[in-house]
Amino acid sequence: MSYRGRFAPSPTGPLHFGSLVAALASYLDARANGGQWLLRIEDLDPLRDSEDDAKRIITALEVHGLEWDGPVRFQSEHFPRYREQLQRLQRDGFAYLCPCSRKELQANNGRHPRHCRSGAPKSSRPTAIRFALTDRHWSWDDLLLGPQSLRTRPEIDDFVLQRKEGFFAYQLAVVCDDIDQGITHVVRGSDLLDSTPFQLALYQAFDFPPPAFMHLPVIVDSAGQKLSKQSRAPALVNDQAGANLASAFAALNHPLPVELGRAPPAEQLAWGTTHWCTAKLPSVMSLTDVRQARPGAGQ
């Protein structure tokens, strides 16, 4: 299959530097391999997602020259597809109802006090739907980190497919979308490494081959906290797109030539596509944000 990658931010805040690093890496890996790069907005949660933030993310990507192929995909427009696939998992015995609260599960060391996996529990409480995992080590060859193996435990690690509020969960939606869009390569942050076994289990349940995975180091602040929307990481300054990209290239150990440090994004990305080399990428879980302070940066 030809290469098809994607960048899939959630619209819970503006694009920040850590997101730019991930977007740049996935973009360059796709372009350097002659592939397509798609944009998906993961707006699954109407209580947290913002249409304005989605627009700001799209604008920031455009300003930084990260042009995607085809229309933007919004997860909120594909709920019928998720519902159909969830029903399939239930029908095939891969999913079960669970009214247990997080507090109850913690008090029972992850075990379900209502024995949810044994059958539909009788409860008038709101009910989530979980995936029934098996006890196994899921192994894959990460394109950056090398051979990986993570264990899943039945009941204890069973993850949510649909929340009690009725919202579809990330793990289900992302696998459904990646299958629908024919994604062959997933380049993302190492903070999602632990999600890979769950997604491999879903691919197996759907009888569909998984994509290749590459997990990049996440960018952290001086205190070791990941830059994220939840930690109020400052938004990118769009009128400093060239400088932002230069810093992102440096974080990926692909420093731009001096003459391109302030060049337009199109020139920087053209150089990056030609010189992209995964062997140069830092194969660690996190990197400290060492950008030099400059007027207006992060404000």
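Points worth noting:
- If you go through region 89-131 and keep only what is among the small types (Gly, Ala, Ser), over 26 Å from the mean Cα position of the chain (by Cα) and on the phi > 0 side of the Ramachandran plot, you end up with GLY93, GLY119.
- Residues (closer than 16 Å to TYR96 by Cα and open to solvent by 60 Å² or more (accessible area, probe 1.4 Å)) located in region 142-163: ARG153, ARG163
- Filter result for GLU84 (open to solvent by 80 Å² or more (accessible area, probe 1.4 Å) and not assigned by the TED database to the domain that holds PRO211): yes
- Residues of region 255-270 satisfying the condition of being touching a residue at least 40 places away in the same chain (Cβ under 8 Å) and open to solvent by less than 20 Å² (accessible area, probe 1.4 Å): GLN268, LEU269
- Candidates ALA223, ALA233: the one that is assigned by the TED database to the domain that holds THR184 and either part of a helix (DSSP H, G or I) or open to solvent by less than 30 Å² (accessible area, probe 1.4 Å) (or both) is ALA233.
- The residues in region 1-54 that are closer than 25 Å to GLY182 by Cα, part of a helix (DSSP H, G or I) and open to solvent by 40 Å² or more (accessible area, probe 1.4 Å) can be counted, and the count is 2.
- Just one of the listed residues (ASP178, ASP207, ASP194) is under 30 Å from ARG91 (Cβ atoms) and crowded, with 18+ Cβ neighbours inside 10 Å, and it is ASP178.
- Take the conditions (1) within 12 Å of the chain's Cα centre (by Cα); (2) not in a helix (DSSP H, G or I); ASP157 misses just one of them, which is (1).
- Among the residues examined, ASP69 qualifies as surrounded by 13 or more Cβ atoms within 10 Å (Cβ to Cβ), in the same structural domain as LEU38 (by the TED database) and modelled with pLDDT of 95 or more.
The values are calculated or read from the model by the stated rules, or taken from the named source; none is laboratory data. This is a predicted model, so every value here is computed, not measured. Glycine also receives a Cβ, built like all others from the backbone with ideal geometry; neighbour counts cover every protein chain displayed. With ligands, DNA and RNA removed, areas are computed over all heavy atoms of the protein, side chains included. Shrake-Rupley method; radii C 1.70, N 1.55, O 1.52, S 1.80 Å.
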